[in-house]
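The values are calculated or read from the model by the stated rules, or taken from the named source; none is laboratory data. The structure displayed is predicted, hence computed values, not measured ones. With ideal geometry, Cβ positions are generated from the backbone for all residues, glycine too; neighbour counts draw on all protein chains shown. The accessibility values were calculated without ligands, DNA or RNA, using every heavy atom of the protein model including side chains. Shrake-Rupley method; radii C 1.70, N 1.55, O 1.52, S 1.80 Å.
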Amino acid sequence: MDENHKQYLHRVMITGLGVVSPLGCSVTDFWTELLQGRSGVRTITNFDTAKCRTRIGAEVIDYDARRHFSRKETQRLSRSSQLAILAATEALEDSGLNLTAAESSKMGVIIGSSIGGFTASEPFFRTYFDDGSASPLIIPVVMNSAPASNLSIRFGFKGPLMNIDAACASSAHAIGYSFHQIKFGLLEAAVTGGADSALSQGVMHAWSSLRTLSERNEDPARACRPFSLDRDGMVLGEGAGILVLESERSALNRKAKIYGEITGYAAASDSYHLTKPSEPGLAGVMRDALASASLLPNDIDYIAAHATATLWNDKTETAAIKDVFGPSAVEIPVVGIKGAIGHSIGASSALQLISCVLSLRDNLLPPTINVNIPDPECDLDYVTEGKRPRNVTHAMSNSFAFGGSNASLVVSRYLSHLSSGN
Amino acid sequence: MKPNHHAESNMTREELIERVKETIAKETNISFSGVHLDTRLEDVNIDSLDMIEVALALEKTFNITIVTTELLRFQTFGDVIEELQRKLSSE
């Protein structure tokens, strides 16, 4: 983009955060537990896992729907929609946004959700195949766009409303799309992120059949081992991570607390395989994200890795990071938080990005837990010793989805003197 | 196959109103004590999705069929009663 056009671009601030996760139902609980190296992976108790090779998952446990929703609401809100509303409530309160009707008309709701519809549909279709009756609620409850729609309805936002489904990269693309909308002046603010639940009997069995899940049922907290030589797969989870994004002008006008800014986003595809990652694809999207942020590889202080703990993801991601960052890759801390929170599919990228934002705020990195045995093909600095102090000015967050949809986001400390005056 | 006889067709209007109230209250978990014939269903928090479930329950209770165009015309409690009475008396 030439210099003449840059003056019309807006910087995009992060002014509110909300989290519902297996480590707790608030940003504070999530971050405290993550820094402590705790695991939210447990033996599944909510449904029968007898026929499944895997019997562990990362459930949101300290959550009782009846405390937050009426009986009628719980019937009409899937688990993903409920978690989305809870996280968005925290994010909006945190942001201090108090929108007039006119402002609400420009507030976008762009959410990533991908698997929650499958899990929500199971009880309905169980009834249908048992007795032939189909509830009129099936479609409005299970559609993957329901979490986004329910946020718009509940909070009165009338700007663009959509769900982005790109499997495990859904919420990275949702955040990236919102970033572009604000950057190019099409939106003033957005509620974005992801909400999803991958935990139901049939869905878990399906993932297990694909041989992607850890089968270390006897040791749930230590089952998911990103970058470890003895890793045996991911652990399914659930949760919601919601961010309030707004233009620098909007944030400064209302004297909002600014956590940081989104400075880069790239989206690209492997164009290769439905389940296997491609190193050139992963490297390419990281390079594009750096270019989008106008940064060089050595500007990045920290990488939040996709790190699912599958054999292929972790070694391919490591190779791609080395390709992009060269010999200095070993000097950049790389953390995978899925060992602690599992893989919440559509919500995972948003939870990961929120952890990056908190690292910017506190200059602290969470550890990668459960790295037991070094893998010669995973030879970067994975912060295995526990939380680590680190000055973070620019952090990259990677998301690589089944089907080859890749996203990389860059978040940066907000330095007001860099502003061109928007 | 259609049954030859409907016990419901011999009901008085008052009995019909009570049975419909019971059916709707059971289906929606909404108290129907203060509801009159001219009460708008929306005003007692029964929306279009609830009405689909209510119609299903009424079909079972009274052994009738409510087609979609009829369902869409139900605005007040009285609309439901009039339609049911018409259906039951034409049997």
Can you tell me the FRET efficiency between A:A50 and A:K255 if r is taken as the Cβ-Cβ distance and R0 is 60 Å, rounded to the nearest 0.05? 0.60
Give the percent of DSSP beta bridges with both residues in region A:263-411 that are antiparallel, rounded to the nearest 5. 70
Please report the carbon-and-sulfur percent of the accessible area for chain A; probe 1.4 Å, protein heavy atoms only, DNA, RNA and ligands left out. 53
With a sphere of radius 14 Å drawn around the Cβ of A:E73, what net charge do the other residues whose Cβ falls strictly inside it have (Lys, Arg +1; Asp, Glu -1)? +4
Solvent-accessible ranking of A:W207, A:W312, A:W31, largest area first, probe 1.4 Å: A:W312, A:W207, A:W31
Taking only Cα atoms and a 10 Å spring cutoff, compute GNM fluctuations for chain A and point out the largest among A:N398, A:N363, A:N163. A:N363
Rounded to a whole number, what is D in µm²/s for the protein assembly as shown from Stokes-Einstein with the Kirkwood radius over alpha-carbon pairs (4 °C, 1.567 mPa s)? 53
Can you list which of the GluC sites (Glu not before Pro) found in region A:308-392 are DSSP loop residues with at most 14 other C-beta atoms within 10 Å? A:E377, A:E385
Report for region A:3-253 the percent antiparallel among DSSP-assigned beta bridges with both residues inside it, nearest 5. 60
Hypothetical label at B:R13: residues of region B:54-75 whose amide nitrogen lies under 14 Å (7 Å Cα-Cβ projection): none
Stretched out fully, how many nm does the piece from A:N391 to A:H205 gain, at 0.36 nm a residue minus the Cα gap? 62.7 nm
Checking a compactness column here: for region B:34-91, what do you get for Rg(Cα) / (2.2 N^0.38 Å), N being the number of residues? 1.07
Ordered by number, the residues of region B:39-69 that have at least 10 Å² less accessible area in the complete protein assembly than on their own chain alone (1.4 Å probe) are B:N45, B:D47, B:L49, B:D50, B:I52, B:E53, B:L56
Two-site FRET efficiency, B:K60 against B:D38, from Cβ-Cβ distance with R₀ of 25 Å, rounded to 0.05: 0.40
Which one of A:A190, A:A134, A:A87 has the biggest mean-square fluctuation once chain A is modelled by GNM with Cα springs under 10 Å? A:A134
In chain A, what % of DSSP beta bridges are antiparallel (nearest 5)? 70
Return one whole number: the accessible area per residue of chain A in Å², for a 1.4 Å probe. 38
Lysines with Cα under 28 Å of A:K322, excluding same-chain neighbours fewer than 8 positions away: A:K276, A:K338, A:K387
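When the helices in chain A are scored as -39500 (n - 2.57) per DSSP H run of 4 or longer and the sum is shared across all residues, what 222 nm value do you end up with, to the nearest 500 deg cm²/dmol?
After summing the helix terms and dividing by residue count, I get -10500 deg cm²/dmol.
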Which of these, A:L83, A:L360, A:L296, has the largest mean-square fluctuation under a Gaussian network model of chain A (Cα springs below 10 Å)? A:L296
Using a Förster distance of 41 Å, the FRET efficiency for B:K26-A:E218 (Cβ separation, nearest 0.05): 0.30
Can you list the residues of region A:116-155 that have at least 50 square angstrom less accessible area with all protein chains present than in their chain by itself, probe 1.4 Å? A:P136
Buried solvent-accessible surface, both chains (B, A), 1.4 Å probe, Å² to nearest 100: 700
Using a 1.4 Å probe, how large is the accessible area of A:F400, given in Å² and rounded to the nearest 10? 10
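Please work out whether region A:3-253 counts as rounded, prolate or oblate from its C-alpha gyration tensor, where a ≥ b ≥ c are the square roots of the eigenvalues and a/c under 1.5 means rounded, while otherwise a/b larger than b/c means prolate and anything else oblate?
Taking the square roots of the gyration eigenvalues as a ≥ b ≥ c, region A:3-253 is prolate.
With a ≥ b ≥ c taken as the square roots of the eigenvalues of the C-alpha gyration tensor of region A:263-411, please select rounded if a/c is under 1.5 and otherwise prolate if a/b is larger than b/c or oblate if it is not?
Note, shape of region A:263-411 comes out rounded.
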